Amino acid sequence: MSFLTPLFLLGLAALAVPILIHLTQRERKSVVEFPSLMFLRKIPYESVQRRRIRDWLLLALRLAAIALIVTAFARPFLRGSDLAAAPGGARDIVVLLDRSYSMGYGEAWARAQSAAADALSSTTPADRISVVLFADTAEVALRSTPDRSRAIAEIDAATPGPGSTKYGPALKLAGSLLAESLLPRKEVILVSDFQRGGWQPDDTLRMPGGTTVTTAVVDGGQAASLALTPVALLRTREQGQPERVAVTAGVLNRTATAANDVPINLEIDGRIVQDLKISVAPSASASISFSPLTITAPNTRAVVRLGTAGGAAVDGLTRDNTFNFVLTPSAPVPVMAVSAGSADATLYLSRALAIGEAPHFNASMQSPEALAGDALNRARVIFLNDIAIGDAVATRLVTFVEGGGGLLMALGQRASWPSSRAAWLPASIGPTVDRTRGAAARLSGMDYGHAIFEPFRAPRSGDFSTARFYSYRGLTAAKDASVLARFDTGEPALVERTMGRGRVIVYASTLDLNWNDLALKPMFLPFVHQLGRHLSGFKEQPAWLTIGQVLDVDAAEVAAGATSGSAARAAAGRAILTPGGQRRDLAIPAATAGGTTPAAALELTEQGFYEIRSAGREAGPTIVAASNVNITESNLDRMDPNELVASVTGNGPAGSTSGQDVLPDEAQELAQRVWWYLLFAGILLLIAETVIAHRYSRVRT
Amino acid sequence: MATSSMPGAKFVDPVVLSRIGNLELIAKTVVDGLINGTHRSPFFGASVDFAEHRGYVAGDDIRRVDWRVYARTDKYYIKEFEADSNANFSVLLDVSKSMGFGTRISKLDYAKTLAACLSYLANAQRDRVGLITFDSEVIDHVPASAKHLDVVLHTLDRAKPARPGELVGPLRKLAEHFGRRGIIVVISDFYAEPEEIFHAVGPIVHRGNDVVLFHVMDPQEIDFSFTEASSFEDMESGDQMPIVPTKLAADYKRLVEAHIETLSKKAAQQPVDYMLLNTDMPLDFALFRFLSMRQRLARTR
């Protein structure tokens, strides 16, 4: 307890005033000598006694009122460190219960629940209990309740999840809960198996002042044994043949004894297709390859499993004995190349697109008339090579791009864009710049930080300055557009802007040999691939993810062969089927102020396969994502709990912080609000004193 | 001198008497006036009464032969009396602090005057007079003697209320002292329970002494005429009590009357003579009333 204005406490001297008045009145009262009080004592003198008590009551009321008012003016407030320094008092307890999947090992979870319940056995009704369940993330299961039975019920109801241990988020959450507390004692009870892999020392992570950190180490009782490492997929494609995939699985043995002839099998869509045995030396790893498979259907669910299906587990930690992944034939990105001239105009472009493997482009060469037809809806990317665009086609292209498509507009002599939509393009198209006389123009000033030029960043990874540009269209980049490359004159050569869910790039020259010789340079092929990859939003999708990672649903749909139209429709609604069998809708992210729409994302929290379906009849492709536990969690090497406690308390292994605590604003306001109650109580006492004194005077007269 | 307001009588105001300062003169004034009024004292009759006749034996004083009986019977008879000599007359005076209380005259001054008058009267009757002053202990002791009137009066003059008093202890001690039967006059304000008082007086009575209790009280002790709320301090213990007299007067008076009533009843049972003396009452009037009461009682006993 401290005071903001302690000088006001001098006013406590006013307490002497009522006492002096009282004493003065007593002295003035006459004393009558009487021979004996023998008879007077025999009279019940209740009235006499009551009068004295009433006087004392009035005196007490006056003294209390003055003391309260003076103390209120001194503005008392409670400081966190003062509270913490108090030897007793109520506790605010935060129970951090580790629910990572390693806690499911043997009897560890039952012991953890028992340890947490035991830690709460000494609580009193004045204490407040919060329960936080954590793995790689932390969530408050129960917040600040005095009911111990509720807290224990919450602990009993919890089960270990598939997450991996991370102490940082849990301790930060506990710190924020305790920072809001006004109780004099703060305590964190950390119940965990204290895996070394879960702790990354963090100097910024500190508990509030006066917090005591108590640890309860839980031991599963058995040593860890085998764990599956991520599989390796080797895809092979022969001409005219479907894609084949060879699966190689790795097994890690963390025990000091060898594991011999451990069954390992590969399941495809729930059916065991190959059953092998593997032997692993002590504290070593081994790999085993399954025979190549032909994958015809997309989203084929594959599982590598240690042990026989339905049989006994090979060790006590079962979650890391299963590895899920998805096998999908590579889906080509549909590309529409439009050229007005002869086939030569698109020769280099079509050849370049035909070579791509990751992604594989399914390029179709079209005439400008095709832009008015349905072909537009089947494409993901459109390359326009020197095409004059009318209003109607411009409208369709705008819809195409904003629905998620990619558009490259290569400008030649004929190229034009309706002036009514001029603002939509990232650059306004100017007149032709003729560099046939004198030195040809060359590209310089590439933005190597951009995805398109990123592969050319390293030295000797391609020199665009070797290409000569004899003519190009002058471009004036819009304010919100990005200039990705410039000519040596400083004029923009490649300008990009994101429009809605898609992208549009304006290229100042042609994609054939009419105005430049870039198509003859080695950089042309990777440059075209990078354009296609970037414009389509293609990202190579991993066959599996780890719990806690986020799945980019849009990118996954593109990888699964989604077109611009289907992507736009899919944005209207997607349903998710979780590994646990729950069905829910995927939240559609709100558009930002700039008009861009963030990609839809799904955080994986369960082990198994997630299925994402687009709603509607013309729905996009179904996506299946495999989710696996973090392999580091299967390493049960234990850390010294005191190391963690010392780090978060900054006070050595004693486990209690002593630094000055800074209360949040609301708590500070609450701590200083005491004066208001004191003043109110003082005024109430004065009113009571007035009423009682008035009654006394009436009785005496 | 002032006269009392009592109709048909002329008595000496005790306040006036107290101004004289000479106890012998006061006693003479009071007693002479009293005797002149009654011509004969009935006070000592009871102690010199004839007891019996017995036959003369050799050695008897021939002056004690009852010649009237000899004339009738022609035999010598010796006349024997109840007391064959003059009686001892002792005054037991309470000089505790409570006796110092008084509105016009203190109870002790009144008691001292009373004791002086009685001693003077007894001495005039040729009785031996003595005095014992006490509070919680015996303070002064003047043995009874025919020549001790001056000492008694002098001792009375010196008596001051100084210490808290206690009635029972000193009276018990003195009971053993009175080996020879006599007249014992106890003058006190009797602030003790009646049972305790008569328990203390009992041994004296049982030894054949004629005991007279004079209960001296101030008018304010009787009618409790205080008006202002004050803190009342016990003169003996020093204890204080906040008192609102208007609220307690009725209860107080009732208790005092009950106390006096109890003392009167128990005195009649012992038998002991008891008389309440209000210090407002003229002393000679009080003596007159008392002697009248003694005479009346002597007839009935």
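General remarks:
- For the residues of B:250-259, the average number of beta carbons from a partner chain within 10 Å of their own beta carbon is 3.
- Largest to smallest in accessible area, the residues A:Arg501, A:Arg378, A:Arg473 fall in the order A:Arg378, A:Arg501, A:Arg473 (1.4 Å probe, all protein chains included).
- Using a 1.4 angstrom probe on protein heavy atoms only, the contact between B and A buries about 2600 square angstrom of accessible area, both sides summed.
- Using θ = phi - 60° and Karplus 6.51 cos²θ - 1.76 cosθ + 1.60, couplings along segment A:287-295 (whole Hz; Gly, Pro as x): 10, 9, 10, 8, 5, x, 10, 9, 9
- Hz values of 3J(HN,Hα) by residue in segment B:188-199 - Karplus curve (6.51, -1.76, 1.60), Gly and Pro given as x: 7, 8, 6, 7, 7, 5, x, 4, 5, 4, 6, 5
- Here the relative contact order of chain A, from alpha carbon pairs under 8 Å that lie six or more residues apart, stands at 15 percent.
- Using heavy atoms of the protein chains and a probe of 1.4 Å, the accessible area assigned to B:Lys247 is about 130 Å².
- Across segment A:463-532, Cα-Cα pairs more than 17 Å apart make up 45 percent of the total.
- DSSP H segments from chain A that extend 30 Å or more along their own axis, Cα-based, with Kyte-Doolittle mean of 0.5 or above: A:46-73, A:674-700
- Average Cα contact separation per residue, segment A:226-318, under 8 Å, 6 or more apart, as relative contact order %: 30
- Fraction of antiparallel bridges per DSSP, chain A only, in percent to nearest 5: 65
- Ratio Rg/Rh, restricted to segment A:226-318 and using Cα atoms, in which Rh is the Kirkwood radius: 1.02
- In this structure the amide hydrogen of A:Arg468, modeled in the peptide plane, comes within under 5 Å of the amide hydrogens of A:Asp517, A:Leu518, none closer than 5 places in sequence on its chain.
- Amide hydrogen proximity for B:Leu277: with H placed 1.01 Å from N in the peptide plane, the residues at 5 or more positions away or on another chain lying under 5 Å are B:His215, B:Val216, B:Met217.
- Relative frequency of Cα-Cα separations exceeding 20 Å in segment A:290-425, percent: 59
- These residues, A:Met38, A:Met365, go from largest to smallest accessible area, 1.4 Å probe, as A:Met365, A:Met38.
- The value obtained for segment A:372-507, namely the Cα convex hull volume divided by the number of residues, is 112 Å³ per residue.
- Under the criterion of Cα pairs below 8 Å and six or more residues apart, the relative contact order for segment A:61-202 equals 36 percent.
- Sparse packing (at most 16 other Cβ atoms within 10 Å of the Cβ) combined with a DSSP loop state is found for none of the trypsin sites (Lys or Arg not before Pro) in segment A:145-174.
- Mean ellipticity per residue at 222 nm, deg cm²/dmol - from DSSP H runs of n ≥ 4 across chain A, formula -39500 (n - 2.57): -8000 deg cm²/dmol
- For A:Ser130, distant residues with modelled amide H under 5 Å away: A:Ile93, A:Val94, A:Val95, A:Ser144, A:Thr145
- Per-selection Kirkwood Rh - segment A:146-270 (Cα, Å, 1 d.p.): 19.8
- Here chain A is described by how far its Cα atoms reach on the three principal axes: 143, 71, 49 Å, from widest to narrowest.
The values are calculated or read from the model by the stated rules, or taken from the named source; none is laboratory data. If you're wondering where the values come from, they're calculated on a predicted model, not measured in any experiment. All Cβ positions, even for glycine, are placed from backbone atoms using ideal geometry, and neighbour counts span all protein chains on display. Accessible surface areas use protein heavy atoms only, side chains included; no ligands, DNA or RNA. Shrake-Rupley method; radii C 1.70, N 1.55, O 1.52, S 1.80 Å.
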